[in-house]
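This report concerns only the one structure given below.
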Amino acid sequence: MGNCWGSQPHSEVTPTTTGNLSTGLFFTFSSEYLSFLACFRFIYVSLFANSSHRCLATPGISQTISGSTTTSGSYTTTTTTTTTTTTTSGSGNSSVNSKFSVASGDQPYPTGQILPTSNLRIFTFGDLKAATKNFRADTVLGEGGFGKVFKGWLEEKGTSKGGSGTVIAVKKLNSESLQGIEEWRSEVSFLGRLSHPNLVKLLGYCLEETELLLVYEFMQKGSLENHLFGRGSAVQPLPWDIRLKIAIGAARGLAFLHTSEKVIYRDFKASNILLDGSYNAKISDFGLAKLGPSASQSHVTTRVMGTYGYAAPEYVATGHLYVKSDVYGFGVVLVEILTGLRALDSNRPSGQHNLTEWVKPYLHDRRKLKGIMDSRLEGKFPSKAAFRIAQLALKCLASEPKQRPSMREVLESLERIQAANEKPVEPKLRSNHTRQAHQAVHHRSPLKDGSY
């Protein structure tokens, strides 16, 4: 679904060396409500019983609940399978990820910070019921396997008119689902502690009886996915300068994650980049995020999860997750920004289903690049800047993680391109690249043959 709180189904991307994940856990959990209550009580006590310790259980660390092992879920209202225990690999001993700590020393991005404690507001269920007009159908922004996202209004003092006040987005999770609970915990754990202008802001939560809700700032312009691939008169094509602005904002957010606590985002894609009223990009959906390896480690090893077309090849093949696995996904999004085409689309001609595999030869050549640029730009883009971004995308898409730039280097490159201030020129000829009449919605899905 292409809306501002995208609700594409999350599934496991499974390499051939890993068998299908058993679904027995979900059947047992959903059919035995007592198990749910035990799980719910465990989470409540461990996360909130001591108000002076608001640092939550770290996502990525497996915990046994009612005899079952679980880990972090997902941000959007989606369907995600549970992952296995996370370990780190390298010269040191294997270990589980540690809790967040307050960042020390000089920060490359002073506008972002790791909060020592969560500053989240605790909402009552009644508050959010009133804000969403009793979760009325016409306030739904998106929905998926584990709940729905609603548009709401927090009334300010002295106002009682419906539809007035601060606009918010409210995610109502399915509390009878193990993954719904894990999704809730993951969001509070990460977004409750990480603060940066290019990360979507989690305002608060509700944990009341069996109700699990999350409250976010409302993003007026929806997702980058909508603007690149959406149809209809309501969707306006993004001009070149806005595309570059969005790429830089998303790069800042991802660079902050990588430099603050080496958080590996793990599912970077256009649908997870939300835009405010001024087209400032903010990364959302931290359901698959993990704390990265320690200084003595090279990578994290975990069950492969992600989205077709965006997951880095080394991660798909081995389950080894590097910080630079995110850089690969960023490269895919750069190509989408240039071409206006989805990373995967089975409706394209044979040989063109996988966008990056198809267009890589075009990214090396400035003339060929013009032929695949988004036709909705109508040729109004600076050719030199577009080619520099294409070259940057190629570096991000390198097959080996060590060959890819860091996100800080990516950000610096994009900022230099922006600083050059090359103006779009009126085209002499229209691009011969045409958009497909229909483009398939990509989603997290099992990778049956171990390759794209």
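Below are the figures for this structure:
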item: Unique residue being surrounded by 15 or more Cβ atoms within 10 Å (Cβ to Cβ), modelled with pLDDT of 75 or more and in a loop (DSSP other than H, G, I, E, B) when the list is Lys133, Lys129; result: Lys133
item: Residue ID - surrounded by the most Cβ atoms within 10 Å (Cβ to Cβ), chosen from residues in the range 226-281 that are at pLDDT 95 or above and of a type in the set (D, E, K, R); result: Lys269
item: Sole residue being of a type in the set (Gly, Ala, Ser), at pLDDT 50 or above and either crowded, with 20+ Cβ neighbours inside 10 Å or at negative phi (or both), chosen from Ser431, Ser375, Ser445; result: Ser375
item: Index of the failed condition, Glu336 passing every other in (1) under 19 Å from the mean Cα position of the chain (by Cα); (2) closer than 30 Å to Glu182 by Cα; result: (2)
item: Contacts under 7 angstrom Cβ, first residue in the range 311-323 being part of a helix (DSSP H, G or I), partner at pLDDT 95 or above and not small (Gly, Ala, Ser), 6 or more apart; result: Glu314/Pro401
item: Sole residue being outside any helix (DSSP H, G or I) and crowded, with 22+ Cβ neighbours inside 10 Å, chosen from Arg348, Arg342; result: Arg342
item: Restricting the range 170-186 to residues that are touching a Gly at 6+ places or on another chain (Cβ under 7 Å) and touching a residue at least 60 places away in the same chain (Cβ under 8 Å), the residue that is nearest to Ser260 (Cα to Cα); result: Ser186
item: Residue in the range 187-203 that is under 17 Å from Gly287 (Cα atoms), touching a Pro at 6+ places or on another chain (Cβ under 7 Å), crowded, with 22+ Cβ neighbours inside 10 Å and not aliphatic (A, V, I, L, M) present; result: yes
item: Where Ile181 falls short, out of the listed (1) among the hydrophobic types (A, V, I, L, M, F, W, C); (2) surrounded by 16 or more Cβ atoms within 10 Å (Cβ to Cβ); (3) assigned to a loop (DSSP other than H, G, I, E, B); result: (3)
item: Criterion violated by Asn198 - all others in (1) under 25 Å from Val263 (Cβ atoms); (2) modelled with pLDDT under 85 satisfied; result: (2)
item: Failed item, numbered, when Ser296 is tested on (1) out of contact with any Asp or Glu (no Cβ under 7 Å at 6 or more places or on another chain); (2) at pLDDT 95 or above; (3) not aliphatic (A, V, I, L, M); result: (2)
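Conditions (1) outside any loop (DSSP other than H, G, I, E, B); (2) under 27 Å from Lys423 (Cβ atoms); (3) in contact (Cβ under 8 Å) with a residue 60 or more places away in the chain; (4) charged (D, E, K, R), marked per residue:
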{"position": "Ser233", "(1), (2), (3), (4)": "no, no, no, no"}
{"position": "Gln236", "(1), (2), (3), (4)": "no, yes, no, no"}
{"position": "Ala251", "(1), (2), (3), (4)": "yes, yes, yes, no"}
{"position": "Ser271", "(1), (2), (3), (4)": "yes, no, yes, no"}
{"position": "Leu274", "(1), (2), (3), (4)": "yes, no, yes, no"}
{"position": "Phe286", "(1), (2), (3), (4)": "no, no, yes, no"}
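The values are calculated or read from the model by the stated rules, or taken from the named source; none is laboratory data. These numbers come from a predicted model, not from an experiment. Please note: Cβ atoms are built from the backbone with ideal geometry, for glycine as well, and neighbour counts cover all protein chains shown.
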